[in-house]
1. At 7 Å along the Cα-to-beta-carbon direction for both A:Glu166 and B:Gln136, put a label point, then send me their distance in nm to one decimal.
2. Using a ≥ b ≥ c from the Cα gyration tensor of chain A (square roots of the eigenvalues), is it rounded, prolate or oblate, where a/c under 1.5 gives rounded and otherwise the larger of a/b and b/c decides, a/b for prolate?
3. For the pair A:Met1/B:Glu199, report the inter-label distance in nm, with labels modelled 7 Å from Cα in the Cβ direction.
4. Taking the convex hull of the alpha carbon atoms in the protein assembly as shown, what volume per residue do you get, in Å³?
5. Is there a simple number for the mean count of other chain Cβ atoms within 10 Å of the Cβ of residues in B:83-94, and what is it?
6. How do the peptides B:47-56, A:26-35, A:108-117, B:114-123 rank, highest first, by the average count of neighbouring beta carbon atoms within 10 Å per residue?
7. How large are Rg and Dmax for region B:60-163 when only the alpha carbon atoms are used, in Å?
8. For B:Arg12, enumerate residues with amide H under 5 Å from its amide H, sequence gap 5+ or separate chain, H modeled in the peptide plane.
Amino acid sequence: MVHYKLIYFNLRGRGELARLVLHHQEVAFEDFRFEREEWPKYKAGTPFGQVPVLEVDGKPLAQSNAIARYLARQHGLAGQNEWEQSQADMYVDCIYDLISGTRPIIYETDKEKQKEILQKFLKETVNPHLEKLEQQLIKNGTGFLVGKSITWADLAYYSFFSPMTERFGDSVIDNSPHLKKLVEHVANIPQIKKYVETRPKTTL
Amino acid sequence: MPGYKLYYFNVRGRGELSRLILHYAGVPFDDFRFEGKDWPAFKSKMPFGQVPVLEVDGEKMLAQSHTIARYLARQHGLAGQNDWEQSQADMYVDCIYDLHGAMRTPTWETDPVKQKELFDKVNQDTIQPHLEKVEQHLVKNGGGHLVGQGLTWADIAYYAYFTTPIMTRLGGEVLTKAPHLKKLIETVGNNPNIQKYVETRPVTSG
């Protein structure tokens with residue numbers, strides 16, 4: 001039995017997708033979290049001075065999507081064939097770009113300015129993406145992003161849009177009924193529900 | 001052999017890695033480039049209104065630059081020898097994706113003085129610390145490549161990033177403290193297929 005240690009801040013952030021993959025597949029792992037003040041202690045020991053890092057029997061793997069993809073592939077959540085795997089990769093890359101887009105919003109301290117940046121982000125980036133996404137979901141026709149069953153891509157969209165709606169309101173995905181349904185579906189998966197109920201409560 | 005059509009602007013940018021992979025592997029493809037003014041006509045046809053997009057056999061479309069490059073690398077033996085090596089390669093290419101993001105602002109800056117300032121800051125704050133770690137990993141891995149003992153798309157990704165027009169123009173000193181990476185980049189550049197492509201590709205600003 002392989003030993004996994006996932007090293008990340010005590011935040012959801014860029015560590016959460018890997019955690020969701022492992023919880024969904026009910027794979028045991030060490031969910032190693034540290035507070036911001038402790039980061040200097042761990043930074044030098046990471047491959048690129050960043051986290052998350054996944055240690056697989058002590059061997060390190062860095063970069064949030066490389067980690068989540070590795071775990072998804074090892075545990076049957078990556079897609080049923082190479083084309084599906086690429087489709088899943090594509091969707092997760094879209095989420096990576098959206099996450100990067102939220103950084104100026106999260107770090108803006110002026111409330112009015114934050115609201116402005118958020119509205120701009122929703123209008124210029126999120127909504128155009130969601131329009132295309134709805135078309136893709138309808139075209140695929142199974143309720144999932146890729147193929148006939150859940151993949152890490154579905155977890156990635158849940159992982160991004162669930163906190164977005166919590167923080168900024170349901171209106172974020174009001175015009176995307178298929179995505180809304182998918183996010184709700186993932187939220188109600190027993191393993192996911194249980195993890196979400198028991199995980200540390202963090203701002204990000 | 002599948003029919004590949006790669007849609008992208010007539011620049012290197014985020015399309016170049018896939019082009020280099022296909023040229024390195026000796027795989028023919030339709031390198032479909034369009035100018036900025038023609039973009040609106042294509043935008044609505046693309047899965048997410050963005051390029052690059054890879055069209056396979058005239059029917060299936062794949063978006064996102066690194067997803068495309070990974071798919072091509074895997075199809076043509078450049079992804080790594082096993083699951084772990086493939087993840088290591090993914091990791092390095094993700095690092096390059098972040099470095100690309102960091103270089104976006106300097107790349108688009110039109111004032112040459114300001115551009116140099118911005119470039120130097122990205123180099124100092126982001127690239128140099130990253131290179132320190134990469135050198136350590138290259139030495140530890142041994143053999144000259146980033147992953148395993150042979151060339152992977154990760155090596156090509158580093159070659160592509162460190163030979164962009166802005167890097168060529170302003171980054172003469174960037175690899176001074178990274179001799180192993182410098183050697184790896186030269187090795188990739190000296191590959192006959194890469195050399196032939198680089199000599200004949202359109203000359204573009206980015």
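1. Calculated label separation equals 3.4 nm.
2. Values: a/c = 1.76, a/b = 1.14, b/c = 1.55.
The shape class here is oblate.
3. Taking the simple label geometry, A:Met1 and B:Glu199 are separated by 5.9 nm.
4. Numbers: hull volume 64.0 nm³, N = 410.
Expressed per residue, the convex hull around the Cα atoms of the protein assembly as shown is 156 Å³.
5. On the way: counts 3, 5, 0, 4, 13, 8, 1, 9, 14, 5, 3, 10.
Rounded to a whole number, the mean comes out at 6.
6. Details: B:47-56: 20.6, A:26-35: 14.0, A:108-117: 11.7, B:114-123: 16.6.
Put in order of decreasing packing, that is B:47-56, B:114-123, A:26-35, A:108-117.
7. 15.4, 46
8. Amide H to amide H, under 5 Å and 5 or more residues apart or across chains, B:Arg12 pairs with B:Gly206.
Just so you know, all these numbers are worked out from the coordinates, no wet-lab data involved. This structure is a prediction, so every number in the text was calculated from the model and none was measured. Because the Cβ atoms are built from the backbone with ideal geometry, glycine has one as well, and the counts that use them run over all protein chains shown.
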